[in-house]
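Here the structure comes first, spelled out in structure tokens, and everything after it is commentary.
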Amino acid sequence: MTTLALTGIRAQVLKGARSPKLRALRKNKLAMTGAVIAAVFVLAALLAPLIAPYDPSQPDFDHVLGAPGRNHWLGTDDLGRDQLSRVVYGARASMQVGVLAVVFAFVIGVPLGLLAGFYGRFTDSVVSRVTDTMLAFPFLVLAVGLAAVLGPSLSNATIAIGISQIPAVIRITRAETLRLKHVDYVAAAVANGGGDGTVLFRHILPNATSALTVQATVGIPAAILGEALLSFLGLGVQPPEPSLGVMLSSAQPFLAPAPWMAVFPGLAVVAATLAFNLLGDGLRDVLDPRGATR
């Protein structure tokens, strides 16, 4: 019996490896490059205490504005703090906000989108009007406004960015629900006596995961940029805690004598956002061929 179970598991793994969608994704070099870079950022966030060679908040006034070298690979800042350690911990803050903000947006936006698309009429009208009102404000403007109201902190920045992403999640979920609720298997589930909850969460939501997965990979880089902007403006992570946005803000007076203070955190922001965008584009081509450009 154990042998049969192991054989079945092995067959499923091999079947997944031979999946046409997985093969198509693996052939997309840009998407795989993005996946590798994104994985590096995730690992850096998870293993920051093990990777960072120094305490990111500990000043060292003997090595103020030190250029990149053997002891400090990315140099030091105006207080002598190791730039590599601060970039690693800054990436941790960015990934924390990126993931938690998207989760927050999905927890609220997916149920609202399902209800609006499935029931229509009054429910759809109310949800759609609120969504349109929020979409009237650019994402970053809305995030800055909410963060200013909530107060400066990493948790409040996460909430502000998550709220700003809810309208996009609602629209994607609603569109998928409107498309899926008329397909044959949903009609068959209704004809067989399936309740609304069964239809929504066993038939519609699982078949909308492709579009929602793509939306998640688009939302994470937007959240990373949002966190960097809020921290840059003093509405996110508060010094001396490290953040890529805080590092860019503190580097402004030292662009000429110590350009590495701005270059390396800036490159980290660009690399993280580009990686998730490349991965998202690859997933969109594989999971949603209708929107692919070939």
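The values are calculated or read from the model by the stated rules, or taken from the named source; none is laboratory data. Everything quoted here is computed from the prediction, not taken from an experiment. Cβ atoms come from the backbone with ideal geometry, glycine included; neighbour counts cover every protein chain shown. Note: accessible area is taken over every heavy atom of the protein model, side chains too, but ligands, DNA and RNA are not part of it. Shrake-Rupley method; radii C 1.70, N 1.55, O 1.52, S 1.80 Å.
Values as computed for the structure displayed
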| item | result |
| --- | --- |
| Qualifying residue in segment 177-184 (condition: over 29 Å from P206 (Cα atoms) and part of a helix (DSSP H, G or I)) | no |
| Within segment 232-251, considering residues that are under 21 Å from the mean Cα position of the chain (by Cα) and under 16 Å from L267 (Cα atoms), the one surrounded by the fewest Cβ atoms within 10 Å (Cβ to Cβ) | F232 |
| Tally of residues being open to solvent by 10 Å² or more (accessible area, probe 1.4 Å) and of a type in the set (V, I, T) across segment 89-101 | 1 |
| Index of the failed condition, V42 passing every other in (1) under 16 Å from the mean Cα position of the chain (by Cα); (2) modelled with pLDDT under 95; (3) open to solvent by less than 30 Å² (accessible area, probe 1.4 Å) | (3) |
| P259 vs. criteria of a type outside the set (F, W, Y) and either modelled with pLDDT under 90 or over 14 Å from G98 (Cα atoms) (or both) | yes |
| Positions within segment 268-289 being closer than 19 Å to V40 by Cα and either charged (D, E, K, R) or free of Cβ contacts under 8 Å to residues at least 60 places away in the same chain (or both), in sequence order | V270, T273, D281 |
| Test: residue in segment 122-135 that is assigned to a helix (DSSP H, G or I), more than 24 Å from A208 (Cα to Cα) and open to solvent by 30 Å² or more (accessible area, probe 1.4 Å) | yes |
| Total residues in segment 161-193, condition under 30 Å from A228 (Cβ atoms), buried (at least 19 other Cβ atoms within 10 Å of the Cβ) and hydrophobic (A, V, I, L, M, F, W, C) | 7 |
| Count of segment 94-151 residues which are of a type in the set (G, A, S) and closer than 25 Å to G195 by Cβ | 7 |
| Failed criterion for D196 (all others in (1) more than 30 Å from T33 (Cβ to Cβ); (2) surrounded by 19 or more Cβ atoms within 10 Å (Cβ to Cβ); (3) in contact (Cβ under 8 Å) with a residue 60 or more places away in the chain hold) | (2) |
| Segment 210-238 - residue that is over 17 Å from V99 (Cβ atoms) and of a type outside the set (G, A, S) and, of those, modelled with the lowest pLDDT | Q238 |
| Pairs, first touching a residue at least 12 places away in the same chain (Cβ under 8 Å) in segment 154-172, second surrounded by fewer than 20 Cβ atoms within 10 Å (Cβ to Cβ) and among the charged types (D, E, K, R), C-beta under 9 Å, six or more apart | L154/E241; P167/D132 |
| Filter pass, L74 being touching a residue at least 40 places away in the same chain (Cβ under 8 Å), open to solvent by less than 50 Å² (accessible area, probe 1.4 Å) and at negative phi | yes |
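Let's see how each residue does on (1) loosely packed, with under 13 Cβ neighbours inside 10 Å; (2) modelled with pLDDT under 90; (3) within 19 Å of L244 (Cβ to Cβ):
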residue: L6; (1), (2), (3): yes, yes, no
residue: A17; (1), (2), (3): yes, yes, no
residue: K27; (1), (2), (3): yes, yes, no
residue: L30; (1), (2), (3): no, yes, no
residue: G34; (1), (2), (3): no, no, yes
residue: P49; (1), (2), (3): yes, no, yes
residue: Y54; (1), (2), (3): no, no, yes
residue: V64; (1), (2), (3): no, no, no
